[in-house]
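The values are calculated or read from the model by the stated rules, or taken from the named source; none is laboratory data. What you are looking at is a predicted structure, and each value in this text was computed from that prediction instead of being measured. Cβ atoms come from the backbone with ideal geometry, glycine included; neighbour counts cover every protein chain shown. Heads up: the accessible areas ignore ligands, DNA and RNA and are worked out on the full protein's heavy atoms, side chains in. Shrake-Rupley method; radii C 1.70, N 1.55, O 1.52, S 1.80 Å.
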Amino acid sequence: MTGASYDIAFRLYPYRRSPDQDVDPESPTRHQVIIVGGGPVGLALSLDLGLRGIPVLVLDDSDGVGAGSRAICFSKRTLEVMDRLGAGDPMVDKGVVWSVGRVFRDERQIFQFNLLPEAGHKRPAFINLQQPYFEKFLYERVTEAKAAGAPIEVRGRNQVTGLTIDEDHSTLTIETPDGPYRLEAEWLLACDGARSGIRSLMGLGFEGRVFEDNFLIVDVTMDTDFPTERRFWFDPPFNRGQSALLHKQPDGMWRIDFQLGWDIDREAVVRRENVIPRVKAMLGPETGFTIEWVSVYTFQCCAMSAFRHGRVLFAGDAAHLVSPFGARGCNGGIQDVENLAWKLALVIEGNAPDSLLDSYDFERRLASDENVLNSTRATDFMTPKSPVSRMLRESVLDLARDLPFAVSLVNSGRLSVPATYDGSPLNSPDRSGLPARTRPGSPVVDAPTGNGWLTDRLTGEGFQLLSINCDASPPSVAESGTFGHGRVALSGFRLDCDRDSQLAQRYLGDADQAVYLFRPDQHVAARWRRPEPDDIAAALSRALAVSRDDGTGDHPDVGQGHGQGTEGGNDTMAEFASLNTAPNFDDPDRFYDELVKLHEGLSEAESHALNSRLILIFGNHIGDQAVLAEAFRAAARVGEGDIPDRHQRT
């Protein structure tokens, strides 16, 4: 038997014999780019490369899309990438649009948040769309692009079973229903998921943590008037001592995640007779439902130490794994795609040096580290592993109902936001004083542009120069930092705006004009208020890894954000005149993480003593007796009479 052994939702690329299989195995056909893995990352990467004119072959061990919801939350940035690739509209049309989330403790809401509180964006914060549909729409776009001349081929039931790597190519052994054959690849892109065969064949591994917890995923169809929002529960009555998550999907389907704990019978928990009572306890006996799919997962937060190994590059789950809380897995993989495709295309065409691909490793490992860190912190908060960490978690939840600052410490999954590549070698020095959110390394921040959107003006076909309230002509090809004998596409356009417009707020700040250089992946490479032609040429040269000055990586001092506005607590703390109850942490997750680590290995008595010392130190630092008196009163009264004694529960 050849190929994956899972249920298929859509059979998109059934096995067909290729002429390559009839070639002498001692002289196999050589392809410029081979992508292993036809999931969302592999398909998107093939489409991005194919639309740039790069011939690409995709090999997948199955012949279609696996069943089950799996990844369901697709972020605004992912949708913007899909728009650039021509696949965004059907996804948004089918998907469930949402931006609001609610977090509960027991049956009481602690707070709610809005992931996109500001107007002026083409796409919503998130859509919920089952992964099979996401892949189906991608493949339909691949088929459409191929019919228009894009050099893309997808072969189903072609499983890579052997790999030899040479300096300028790789040789693959592929198993098919008709037997094995061999291929050569000048560039090999591993997008073959968490259990990457390419990674195994190369003897490479992950660095990170496996979390000792299990979660049950249940897809149910039901007719209900539940609102379209993310709902997360700590210690709900239907899953005591654990957590739960509810998401609406298209076609009347709902995704439910139940935390189970570590010591479970994995076969027993997925049996319908055991799943149905769990769902009934959550939804209530009056709600009818049908179970469509059930699975149990244990997750890791880890990554490869390097995403580039010569002419073999890794992307998506093959390169990094995170917990599902925060929707950073597939969204992070799509951001790998947008970073890698334009760089590889320029290198293959001879328009950039090979070293440009080293920046893929730098930038995407930077993003992966951020995703792994956020995912690890969320999991540590949701699944405390020691009595002290549980005590701290419960204290945060106690405070969060009434004190807004504590809301920033509640972590039910920091939802995916695109990485800003601070410190990237491709960034030009920034001394413009323009808004921090659009500094070099940042992804485009969308804004209305008259009758359209900024993201639609940035086509991704080459570098683009945006001039706001001014004219800045792109330098000539001879001045534009091209590499060797190649030619790099550089175009420009002008937009005019009023000071109070959203474009001005996001790109000008207090300036009256500005010029931005965007990379093909819609990230800012450089910006100025009034550039000289030489400035633009130098920035382009730097963004192609052709040259580098000594101003690497400088950027404004920007606080750590989580991409979500929170509305927490209530006005019961208004009586405190001196105590600051608003969020005031530079990095709340780091504070909480370090507080938990401080208690690791301590007995309960030692932890109490440590907390006493901390209280005295913080009290001395605050000093103001009026503030301290209000802090004492707030700590003593929060939740009085509202939250049952957890130690009395069984």
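Give me the three principal axis extents of the range 289-433 from the C-alpha atoms, as integers in angstrom, largest value leading.
Dimensions of the range 289-433 along the principal axes of its Cα atoms: 59, 49, 31 Å.
Relative to the longest principal axis of the chain, what angle (0 to 90°, nearest 10) does the C-alpha long axis of helix 588-599 take?
60 degrees
Can you tell me the 0 to 90 degree angle between the C-alpha axis of helix 533-543 and the longest principal axis of the chain, rounded to 10?
Helix 533-543 sits roughly 80 degrees off the main axis of the chain.
What is the ratio of the Cα radius of gyration of the range 152-251 to 2.2 N^0.38 Å, where N is its residue count, to two decimals?
1.73
Convex hull over the Cα atoms of the range 402-473, averaged projected area in nm²?
The orientation-averaged projected area of the Cα hull of the range 402-473 comes to 8.7 nm².
Dipole magnitude of the range 344-430 about its Cα centre, charges +1 at Lys/Arg Cβ and -1 at Asp/Glu Cβ only, in debye to the nearest 20?
My answer is approximately 620 debye.
Would you mind getting me the FRET efficiency between ASP166 and ARG494? Use the beta-carbon distance for r and R0 = 56 Å, nearest 0.05.
0.70
Between ASP251 and ARG30, with labels modelled 7 Å along Cα→Cβ, what's the label distance in nm to one decimal, could you check?
It is 4.5 nm.
Using a/c under 1.5 as the rounded threshold, could you call the chain rounded, prolate or oblate? The axes a ≥ b ≥ c are square roots of the C-alpha gyration tensor eigenvalues, and prolate needs a/b larger than b/c, oblate otherwise.
It is oblate, given that a/c is not under 1.5 and a/b is not larger than b/c.
The range 264-349: which trypsin sites (Lys or Arg not before Pro) are DSSP loop and have at most 15 other beta-carbon atoms within 10 angstrom?
ARG271
Over the Cα atoms of the range 1-149, what is the Rg over Rh ratio if Rh follows Kirkwood?
A ratio of 1.09.
Tell me the label-point distance for the pair THR143, ASN451, using the 7 Å Cα-to-Cβ offset, in nm and rounded to one decimal.
Taking the simple label geometry, THR143 and ASN451 are separated by 3.4 nm.
So how tilted is helix 329-348 from the main axis of the chain? Cα-based, degrees 0 to 90, rounded to 10.
Its long axis makes an angle of about 30 degrees.
Which lysines have a Cα lying under 21 Å from the Cα of LYS597, excluding residues fewer than 8 positions away in the same chain?
The reachable lysines, counting only those whose Cα sits under 21 Å from LYS597, are LYS385.
Go through the range 411-478 and name the trypsin sites (Lys or Arg not before Pro) that are in a DSSP coil and have 12 or fewer other Cβ atoms within 10 Å of their Cβ.
Loop-located and lightly packed - ARG431.
How much of the accessible area of the chain, in percent, comes from carbon and sulfur atoms when a 1.4 Å probe is used?
About 48 percent, which is the carbon plus sulfur part of the accessible surface.
What is the packing order of peptides 369-381, 598-610, taking the mean over residues of other C-beta atoms within 10 Å and listing the highest first?
Taking the mean over residues of other Cβ atoms within 10 Å, the ranking is 369-381, 598-610.
LYS94: which lysines have alpha carbons under 22 Å from its alpha carbon, excluding same-chain residues fewer than 8 sequence positions away?
LYS76, LYS122, LYS136, LYS248
If packing is taken as the average count of other Cβ atoms within 10 Å, what order do 390-401, 120-131 fall into, highest mean first?
My ranking of the peptides, most packed first, is 120-131, 390-401.
How large is the dipole of the chain about the Cα centre if only Lys and Arg carry +1 and Asp and Glu carry -1, each at its Cβ, rounded to the nearest 20 debye?
Using Cβ point charges on Lys, Arg, Asp and Glu, the chain gives about 680 debye.
Figure the gain on full extension for GLU273 and THR224 (residue separation times 0.36 nm, minus the Cα-Cα span) and round it to one decimal in nm.
15.4 nm
Taking 56 Å as R0, compute the FRET efficiency from the Cβ-Cβ separation of THR287 and GLU532 and round it to 0.05.
0.25
Report the extension gain between ARG17 and PHE618 in nm, rounded to one decimal, defined as 0.36 nm multiplied by the number of residues separating them, less their alpha carbon distance.
209.2 nm is the gain from fully extending ARG17 to PHE618.
GLN32: net charge of surrounding residues, Cβ under 14 Å, Lys/Arg +1, Asp/Glu -1, itself excluded?
It works out to a net charge of -3.
Taking 30 Å as R0, compute the FRET efficiency from the Cβ-Cβ separation of SER547 and GLU461 and round it to 0.05.
Calculated transfer efficiency: 0.80.
Along Cα→Cβ, 7 Å out, is where each label goes; now give me the distance between the ones at VAL296 and LYS597 in nm to one decimal.
3.3 nm
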